[in-house]
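Colleague: Next up is a structure, given as C-alpha cells.
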Amino acid sequence: MNLIYGLSIVCGTLFSLLGLYLIMTSKGNKFVNRILGVFFLLWAIDILDGALMINGFYFNYPNLALWTESFLFLYGPLIYFYTLYTLDESRNNKLKDLIHFLPFIVVFIVFLRIYHFNPLDFKLEILKEINSLNQPIESLPIYVLVYAHFFFYLFCSYRKVKQEIRNLKEFYSQPVLQWLRSLLTTVALVLILALASSFFQFLGLQLYFNISIFIILLIIGLLMGRLIFKTLEEKSPIYTALTDRKYSGSNLQDCEATQIKAKIIATLKNEELYLNPELTLKQLSEKLGVSSKKVSQVINERIGKSFFDLINTFRIEHAKRIFKENKDSKLTVLEVLYAVGFNSKSSFNTEFKKRTGLTPSEFQKIQS
C-alpha cells in the first residue's frame with residue numbers, strides 16, 4: 001500500500017504540472033491545449049484524492065471526501081472535444097458543446113444529496129465501506145454507467161481520428177495523427193484496467209485490486225507523460241486543405257487530366273520528390289504548377305490511389321532497386337528506409353510487405 005501511495009503522489013504531481021503547463025503554454029492552439037490541460041488537472045486531483053483515501057486521511061476530514069466522484073463524467077467529453085478541436089481548429093459550436101457536460105452536473109448534485117448533506121457518522125460509515133472494499137452491490141450499476149459513458153466518448157474520438165487519417169492520405173506522404181491515436185489507446189488501456197480494478201473492489205479481492213492500481217499508476221507515470229510531450233512536439237497538419245477534397249463542380253477535362261497524370265508520374269520519377277519524407281500534396285502541386293484540387297482528383301480518379309499510396313509506391317520501388325543493386329552485407333534496412341523517404345520502421349515494413357508480400361529483411365536476403 002505504501003508503494004501505491006507513493007506512486008499516486010508522484011503521478012498526481014506529474015499530471016498537475018503537466019496540466020498547468022498545457023493551460024499556461026503559448027505553444028500551439030491555446031484553446032486545444034487548455035482542454036487537455038483541464039483533463040490532466042482533474043485526473044491529477046482524482047489520483048491524489050485516491051492516495052489520500054488509501055492513507056486514511058478522510059477519516060479525520062470526512063467533509064473533504066468524495067468531491068471528485070463527479071469528475072468521472074468530465075473525462076469523456078474533455079478527451080472527445082480535445083480530439084474534435086485538434087482535427088478542426090475552426091469549430092465554433094463551443095456553447096452548444098456544453099450540453100455534453102450535463103451528466104457531470106447531475107452526478108455532482110446527486111453526491112451532494114447522498115453524501116455531503118448527510119451527518120458525520122453516516123459519512124464515516126461510507127468511507128469505511130470504501131476502504132474495506134465492502135461497497136454495496138447496489139452501487140455497481142453506477143460504476144457501469146460511468147465506464148460506459150467514458151468508453152462511448154473514447155469510441156467516438158477514435159472513430160473521428162481513424163476517419164481523418166484515411167482522409168489525410170490524399171494530402172500527406174507520411175502517416176499522420178499517430179500521436180493522437182496512441183494517446184486515445186493509452187487512455188482506453190487505463191480505463192480497461194480501472195474497470196477491472198472496480199470489479200476486484202466489489203468482489204473484495206484486495207490483492208488483485210492493489211495489483212491493478214499499481215499497473216495503472218505505472219502506465220500513467222511511464223507512458224502518458226511521454227505521449228503528451230510528443231504530442232506537443234508534433235506539427236499538426238494543415239487541415240484547411242481538406243476543404244478541397246470534393247471534386248463536385250470540377251471542370252477538369254479528359255485531355256487535361258491525361259496531361260496532369262503524365263506530368264505527375266514523370267516529375268516523381270525524374271526528380272524523385274518522393275525521397276522528401278515531408279512531401280505533401282501542396283508541395284507536389286506547386287512543383288507541377290497545377291492546383292492541389294486537380295492534382296488530387298487525377299491521383300484519385302486517374303491513377304486510382306491516394307496521394308499517400310502513390311508516394312509510398314514510388315518509395316518501395318526505389319527501396320527494391322537499392323536492395324537489388326547494393327550487395328553490401330553491411331547495408332541495413334534502417335539505412336534504406338531513411339534513404340527512400342520513410343521515417344518509421346513499422347510504416348516501412350507495413351508498406352513493403354503490402355506491395356511485395358515480403359518483409360524488407362526477407363526481400364534483402366533473397367537478393368543477396
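Colleague: Counting each DSSP H run of 4 or more residues in the chain as -39500 (n - 2.57), what helix-only mean residue ellipticity at 222 nm follows after dividing by all residues, to the nearest 500 deg cm²/dmol?
Modeller: Details: 17 runs with 250 residues, N = 368.
Estimated from H runs of four or more residues: -22000 deg cm²/dmol.
Colleague: Give the residue list of trypsin sites (Lys or Arg not before Pro) in the range 305-350 that are DSSP loop and have at most 11 other beta-carbon atoms within 10 angstrom.
Modeller: Values: sites: 305, 315, 320, 321, 324, 327, 330, 345; in loops: 305, 327, 330.
Taking the range 305-350 and a limit of 11 other Cβ atoms within 10 Å, the loop trypsin sites (Lys or Arg not before Pro) found are 327, 330.
Colleague: Another question about this same structure. Please go through the range 253-326 and write out the GluC sites (Glu not before Pro) that DSSP classes as loop and that have at most 11 other C-beta atoms within 10 Å. Numbers along the way, then the final one.
Modeller: Details: sites: 256, 271, 272, 278, 286, 301, 317, 325; in loops: 272, 278.
Qualifying residues, ordered by number: 278.
Colleague: Under 8 Å for C-alpha pairs, at least 6 residues apart: give me the relative contact order for the chain, rounded to a whole percent.
Modeller: Values: 364 pairs, mean separation 55.0, N = 368.
RCO, the chain: 15 percent.
Colleague: Taking all protein chains as present, what is the carbon and sulfur share of the accessible area of the chain, in % to the nearest whole number, probe 1.4 Å? Provide the component values of the computation, followed by the final result.
Modeller: Values: 11920 of 19660 Å².
Carbon with sulfur: 61 percent of the solvent-accessible area.
Colleague: Over the chain, average the accessible area per residue using a 1.4 Å probe and give it in Å², no decimals.
Modeller: Numbers: 19660 Å² over 368 residues.
Using a 1.4 Å probe on heavy atoms only, each residue of the chain averages 53 Å².
Colleague: Could you put 43, 67 in order of accessible surface area, largest first, with the 1.4 Å probe and the full protein assembly present? Present the calculation step by step, with values, prior to reporting the outcome.
Modeller: On the way: 43 30, 67 100 Å².
These residues rank, largest area first, as 67, 43.
Colleague: Follow-up question, since we're still on this one. Just to confirm the number: angle between the C-alpha axis of helix 120-131 and the first principal axis of the chain, 0 to 90 degrees, nearest 10?
Modeller: Approximately 50 degrees, to the nearest 10.
Colleague: With label points built 7 Å along Cα→Cβ from the Cα atoms of residue 140 and residue 110, find their separation and express it in nm.
Modeller: Placing both labels 7 Å along Cα→Cβ, they lie 1.7 nm apart.
Colleague: I'd like the trypsin sites (Lys or Arg not before Pro) in the range 19-69 restricted to DSSP loop residues with at most 13 other Cβ atoms within 10 Å, sorted by number. Please report the intermediate quantities before stating the final value.
Modeller: On the way: sites: 27, 30, 34; in loops: 27.
Answer by residue number: 27.
Colleague: Based on the Cβ-Cβ distance of residue 130 and residue 343, what FRET efficiency does E = 1/(1 + (r/R0)^6) give at R0 = 41 Å, to the nearest 0.05? The partial results should precede the final answer.
Modeller: On the way: r = 49 Å, r/R0 = 1.18.
In this case the efficiency is close to 0.25.
Colleague: Still on this structure: Could you give the nm distance between label points at residue 329 and residue 167, where each point is 7 Å from its Cα heading toward the beta carbon?
Modeller: About 5.2 nm, to one decimal.
Colleague: Just to check I understand the Karplus step: with θ = phi - 60° and J = 6.51 cos²θ - 1.76 cosθ + 1.60, what whole-Hz values come out for the range 53-70, glycine and proline as x?
Modeller: 5, 4, 7, x, 4, 6, 5, 8, 9, x, 5, 8, 7, 6, 8, 9, 4, 6
Colleague: Tell me, what is the FRET efficiency for residue 13 and residue 252 to the nearest 0.05, using R0 = 35 angstrom and their Cβ-Cβ distance as r? List each step's numbers first, then the result.
Modeller: On the way: r = 58 Å, r/R0 = 1.65.
Efficiency at R0 = 35 Å is approximately 0.05.
Colleague: If you stretched the chain out fully between residue 317 and residue 151, how much longer would it get, using 0.36 nm times the residue separation minus the C-alpha to C-alpha distance? Numbers along the way, then the final one.
Modeller: Details: separation 166, 0.36 × 166 = 59.76 nm, distance 4.17 nm.
Working it through step by step, the gained length comes to 55.6 nm.
Colleague: For the Cα atoms of the chain, what angle does the longest principal axis make with the long axis of helix 140-168, in degrees from 0 to 90, nearest 10?
Modeller: 10
Colleague: Between residue 31 and residue 359, what length in nm is gained on full extension when 0.36 nm per residue of separation is reduced by their alpha carbon distance?
Modeller: On the way: separation 328, 0.36 × 328 = 118.08 nm, distance 4.28 nm.
That works out to 113.8 nm of additional length.
Colleague: Let me check I have the definition right: for the chain, take the eigenvalues of the Cα gyration tensor, multiply each by 5, take square roots. What are those semi-axes in whole Å, largest first?
Modeller: Working: eigenvalues 513, 125, 52 Å².
Each semi-axis is the square root of five times an eigenvalue, giving 51, 25, 16 Å.
Colleague: Which ³J(HN,Hα) values in Hz, rounded to whole numbers, follow from the phi angles of the range 255-272 under the Karplus curve 6.51 cos²θ - 1.76 cosθ + 1.60, where θ = phi - 60° and Gly and Pro get x?
Modeller: 5, 5, 4, 5, 5, 5, 4, 4, 5, 4, 4, 5, 5, 5, 6, 6, 9, 6
Colleague: Can you run phi through the Karplus equation (6.51, -1.76, 1.60; θ = phi - 60°) for the range 217-222 and list ³J(HN,Hα) in whole Hz, with x for Gly and Pro?
Modeller: For the range 217-222, the Karplus curve yields 5, 5, 4, 4, x, 8 Hz.
Colleague: Provide, as a two-decimal number, the C-alpha radius of gyration of the range 3-101 over 2.2 N^0.38 Å, N being how many residues it has. Don't skip to the end; give the middle numbers.
Modeller: Values: Rg = 15.6 Å, N = 99, 2.2 N^0.38 = 12.6 Å.
It is 1.24.
Colleague: State the extension gain, in nm to one decimal, for the chain segment bounded by residue 59 and residue 262, taking 0.36 nm per residue of separation less the distance between their alpha-carbons.
Modeller: 65.4 nm
The values are calculated or read from the model by the stated rules, or taken from the named source; none is laboratory data. Everything quoted here is computed from the prediction, not taken from an experiment. All Cβ positions, even for glycine, are placed from backbone atoms using ideal geometry, and neighbour counts span all protein chains on display. In case anyone asks, the SASA skips ligands and DNA or RNA and just uses the protein heavy atoms, side chains included. Shrake-Rupley method; radii C 1.70, N 1.55, O 1.52, S 1.80 Å.
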